[in-house]
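Here's the structure, in structure tokens; my notes come after.
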Amino acid sequence: MPMQRTFRAPIRQPGAGAINPSLWTLESPAAQQAAAEAVLSAMPASPGLLRLSVFRGLEDLTLFILSQWTDAAARDAFLATNGTPRAAVDEAVPGIRRDWREPSSPYRSFVSRERGEAGCLVVVRQPLLRPDPQAQRDWVDTVMAALEADPHPPAGLLSATFFLSDDGAHAINLAEWTSADAHRAALQRGTDPRAQHGSIGDSPLWRAVRSHPAIRTEQEVRRFQFLGAAEP
């Protein structure tokens, strides 16, 4: 059964108990657009699938593919048995480099008081020194404490939803911002030298985020623009 196109892209999808996010790199802007169209067209309606969303990298030739599922069992059953969408996409757009895929479950969310439309999705992928489910939760709790205690949250931040990778090796933050420029400006608020991409705060709590003993120094931060989505 084909999916229905939609131009809404809520990250905090009601009823979503699992996600399958992945990052692709393409060879050209034309291939980037063609791959986005191909994956939206090829994905079938499947038991437990709530939404498939595609985002375009704002600083490079990447795509962020996000499928949201009712639970991990439905997601994993699809991944284990259905290779048709990938084959169809690869036939339509050869040369896709699939950088990573990170099956994950939602953990906590922050919603700011700011109002506005999400014009940019910021994906933060934080690796841990070693797989550790408790450390995943503890690092996210540290970030949440910093966000909730900040008397002046960064302008433009609408929400931040945190996910824990099933293998215990990463924490992922999908943050909705009003614009990419708002996110870039927010990263200038802090001066912590350990924050390779900048920091949105300089309080002791924000510094505890970057000095957490369980995380690696390197951190992946990417900005994306929503292209389209499909629902059953």
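Rolling a 1.4 Å sphere over the protein heavy atoms, what is the accessible area per residue of the chain, to the nearest Å²? Display every interim value, and only then the final one.
On the way: 10650 Å² over 232 residues.
That works out to 46 Å² for each residue.
Along the Cα-to-C-beta direction of Gln4, a point sits 7 Å from the Cα; which residues of the range 56-84 have their amide N less than 20 Å from that point?
Only 67-70 fall inside the zone, counting backbone N under 20 Å.
Which whole-Hz ³J(HN,Hα) couplings does the range 95-108 yield from phi under the Karplus relation 6.51 cos²θ - 1.76 cosθ + 1.60, θ = phi - 60°, glycine and proline marked x?
Working through the residues one at a time gives x, 6, 9, 9, 6, 7, 9, 9, x, 8, 10, x, 10, 9 Hz.
If you look at just the Cα atoms of the chain, how large are its Rg and its Dmax in Å?
17.5, 52
7 Å from Cα along Cα→Cβ at both Asp90 and Ala77: what's the point-to-point distance in nm?
Using points 7 Å along Cα→Cβ, the separation is 2.5 nm.
Using only Cα atoms, locate the centre of the range 19-50 and the centre of the range 106-185, then give the distance between them in Å, rounded to an integer.
That distance is 23 Å.
Tell me the relative contact order for the chain as a rounded percent, counting alpha carbon contacts under 8 Å between residues six or more apart.
On the way: 508 pairs, mean separation 66.2, N = 232.
Computed over the chain, the figure is 29 percent.
The values are calculated or read from the model by the stated rules, or taken from the named source; none is laboratory data. Note that the structure is a prediction, hence the values are computed from the model and not measured. Every residue, glycine among them, receives a Cβ derived from its backbone with ideal geometry; neighbour counts consider all protein chains shown. Note: areas computed on protein heavy atoms with side chains; ligands, DNA, RNA excluded. Shrake-Rupley method; radii C 1.70, N 1.55, O 1.52, S 1.80 Å.
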